[in-house]
Amino acid sequence: MFKLFINPKNTKGHINPELQGHFSEHLGRCIYEGIYVGENSDIPNVNGMRKDVVEALKEMKIPVLRWPGGCFADEYHWKDGIGPKEGRKKMINTHWGGVLEDNSFGTDEFMELVRQLGCKSYINGNVGSGTVQEMSEWVEYMTFEGVSPMADMRKKNGHEEAYKVDYFGVGNENWGCGGNMNPDYYGNLYRRYQTYIRNYNPENRINKICCGANAGDYEWTDVVMKTCFKNAEHFHGFMNGLSLHYYTVPNDWMHKGSATEFNEEDWYQTLNKTLFMEELINRHTAIMDKYDKDHKVGLMVDEWGTWYDVEPGTNPGFLYQQNTVRDALVAGINLNIFNKHCDRVKMANIAQLVNVLQSVILTEGSKMVKTPTYHVFNMYKAHQDNELVDSFIESEKVGTEKNKVPNLSESVSVDKDGKLHITVCNLSCTDAYDVETLIADKKISNVTGEIVTGTMNAHNTFDAPDTVHTESFDAEITADGLKFNIPACSVLHLTVE
Ligand code: AHR
C-alpha cells in the first residue's frame, strides 16, 4: 500500500492553462494536411482548417499554440506568407524534408486557426536570418490598430481588426539552428530585438520570450540572463519568459529507437530520461533566481516530448512517429512535473500538435486518430487554471538494473468550485498498486475517475483508432480519503468533491 498525502488548504501556486500548450511548425505534415487542407479540399474544413482536428483540439481545451517554428522560424520571412495566395512565394523547406513550401498558410491563416481554436497565440520571430525591422514590422502588422504601413497592409488583406499576440519568441534555438550563437552575443541581440516588439495596444501586452537553453546547458542560461539583466533596472517587461527545450530520446540521437517496437528496458529508459525534466527545471530555476528572484520571468518549456526514429518508410525529414501508452506516461509525468513547478514554469508546449514527434493527433487523408497522448491531455485539462495543492506520494524504485524509476508520480490541484483533481501515473509496466489517499480536513461526498491504460506498446491506428482510450475508473471513499488500485502502465485522473 502506498500513501498519497494531500493538504488542500496549503495551495502552492497557480497552474497556468499554458502548461498544457502545443507547438506547430512548418514541418512534415503538421501544418499542411494535418491542420490546413485549404478551402477547396474534400476534407471537411472551415476556411481551410480541418473540422475534425479543430473539434478534437477544442475538446481538449488547447490553451496556446506556438508557430511557425522551431528551426523553421529563423528562416521564415513573414511577408512571404501574406496577401493573395497565388502571389505568395514558393520555396523549398530546406530544413525539413526538402519539400515545396507554398506559403499558403501564413500569419492570417494562423490567426484564423487560433480564432477557431479559441486559444492564445504564440508567434516565434526570426533572429537567425531576419532583421530587427522585419520582426518589428511583423508585430506592427499583427497588433497595430491605427494607420500605419503594416496595419494598412493587414487591412488590405481583409483583416480590419488587429490580432492579439499573447506571446512572442525572440528567435528559436539560437545556440543551434537559429544562428549558432554564443550566449553573450544572443543576450545582446535579445536586448536589441525585444526593444522593437512594441505594445501598440494597451489591451494586448505581448509576453516576450527569450531563447533559453538546450536541456542541461546551464552556462547558456547563466550568461543570457546575466547579459540581459545587466543595467536593466529601467527596462519594463523586457523579458516575460525564458525557454527551455528538452526532448525524451530513448537511446541516442543516432539510434533513437522505435516508437512502437520496444521492450521493458526501453520503457524504463524512456521514463527515466523523462524524469530528468525535474532536475532541469530545478537547476535552470536556481540560475534564474540569481537574476530574477521574484520569478517574474517564466520558464517556458516550449519544446518537449518523445523523439523516436521515424515510422518506417516515411520521409526522415518529416519526423512522423506513432504514439503508444509509453507516450501517455511521458505526457502524464511531464505534466505532473510542470504542475509541481508552476511557481516558475508558466508555459510548456509539447512538440508537435499533429503528425510530428509526440503528437496528440495523427492524420492520413481524411482519417484522424487521437493518440494516447491526446487522452492524457484531455484528462489533465481539469488542472487548467487551478491552484496547485500540497501533496506527496510514497513510492518505491522499479525497473531494470540499468534504469530505475519511482513507481508513482502525482500532482493535485483545486479548482474554482473547490473540487480536487488528482492525477497519478503508474510507471511500472508490470505491477498494479494499492494507493491510500489521505486528505486533510475534507469531507468527501463524491469521487469520479477516468484512466488511460493498456499494454506498454498499445497504440491507435487508422484501422483501430480506439485501442487506447479513456475509461471510467472506480475509487472507494474511506474515513480519511480514498482507496484505489492503479493498474500497470496507466495515467489516472480523480475528481474529488
Ligand atoms: O521540433 C522539431 C525541432 O526540434 C524544432 O524545429 C527545433 O526547435 C528543435 O530542435
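Counting Lys +1, Arg +1, Asp -1, Glu -1, what net charge surrounds residue 5 among other residues with beta carbon under 15 Å of its beta carbon?
0
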Site residue 147, offset 7 angstrom along Cα→Cβ, radius 17 Å on amide nitrogen, limited to the range 199-241, gives none
Heads up, the range 17-384 by the C-alpha gyration tensor (a ≥ b ≥ c square roots of eigenvalues; a/c under 1.5 rounded, else a/b over b/c prolate, else oblate) looks oblate
The rounded separation in angstrom of the Cα centers of the range 421-497 and the range 200-244 is 39 Å
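Using R₀ = 25 Å, calculate the FRET efficiency as 1/(1 + (r/R₀)^6) where r is the Cβ-Cβ separation of residue 279 and residue 404; round to 0.05.
Given R0 = 25 Å and the Cβ-Cβ separation, E is 0.95.
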Among beta bridges assigned by DSSP with both residues in the range 17-384, the antiparallel ones amount in percent, to the nearest 5, to 25 percent
To the nearest 0.05, the calculated FRET efficiency linking residue 86 and residue 479 through their beta-carbon distance, R0 being 60 Å, is 0.25
Applying a 4.7 angstrom Cβ cut-off across the chain, unpaired cysteine residues come out as 30, 119, 210, 211, 228, 342, 425, 429, 489
Here the gain from full extension of residue 156 to residue 432, 0.36 nm per residue of separation minus their alpha-carbon distance, amounts to 93.3 nm
Here, residue 40 and residue 232, labelled 7 Å along Cα→Cβ, have an inter-label distance in nm of 4.9 nm
Simple SL model, points at 7 angstrom along Cα→Cβ for residue 289 and residue 188; separation in nm is 3.1 nm
Measuring from the longest principal axis of the C-alpha atoms of the chain, the long axis of helix 183-195 (C-alpha) lies at a number of degrees, nearest 10, equal to 70 degrees
Between residue 443 and residue 59, the two model label points (7 Å from Cα along the beta-carbon direction) sit apart by a distance in nm of 3.8 nm
In this structure, the FRET efficiency calculated for residue 180 and residue 100 from their beta-carbon separation, with R0 = 25 Å, to the nearest 0.05, is 0.40
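Laboratory data are not the source of any read-out in this text; all were calculated from the coordinates shown. All values derive from a computational prediction rather than experimental measurement. Backbone-built Cβ (ideal geometry, glycine too); neighbour counts: all protein chains shown.
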